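Inspection log for the structure reproduced underneath, given as structure tokens.
The values are calculated or read from the model by the stated rules, or taken from the named source; none is laboratory data. Predicted model only: the values in this text are computed from it and were never measured. Ideal geometry is used to build each Cβ from the backbone, glycine not excepted, and the neighbour counts take in all protein chains shown.
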């Protein structure tokens, strides 16, 4: 490959020492390139590609997180379904309350296990927390 020296803005030190005797209009064979420059170029190319790849992964993760928060992917429904217009008795869970103690207070006939099952079905599970609004009757 032949290059015109007057259009080449940057010359390596190796080429400068070899070209001292040439005039500015002569052509020089530049096919024997510097292997150091080639390896630096491929290293820069790899670094740029790696950077772009990591950037795309981060943007994709942020996009997925935003969409899942908006749509509610993986969101579990906790608590009672209060959409019905039927009158319901509500109990607010206090510190120290358990489903057993609440069921025993509601059903004084004896064994509260059936009442506990009914409370768990009405309120979306058997876990309760302080301040939760429990539906006692449907």
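Couple of notes before you dig in:
- Some residue of region 93-100 being within 37 Å of the chain's Cα centre (by Cα), more than 30 Å from residue 136 (Cβ to Cβ) and either at pLDDT 90 or above or exposed (fewer than 11 other Cβ atoms within 10 Å of the Cβ) (or both): no
- With respect to being free of Cβ contacts under 8 Å to residues at least 40 places away in the same chain and touching a strand residue (DSSP E or B) at 6+ places or on another chain (Cβ under 8 Å), residue 119 fits the description.
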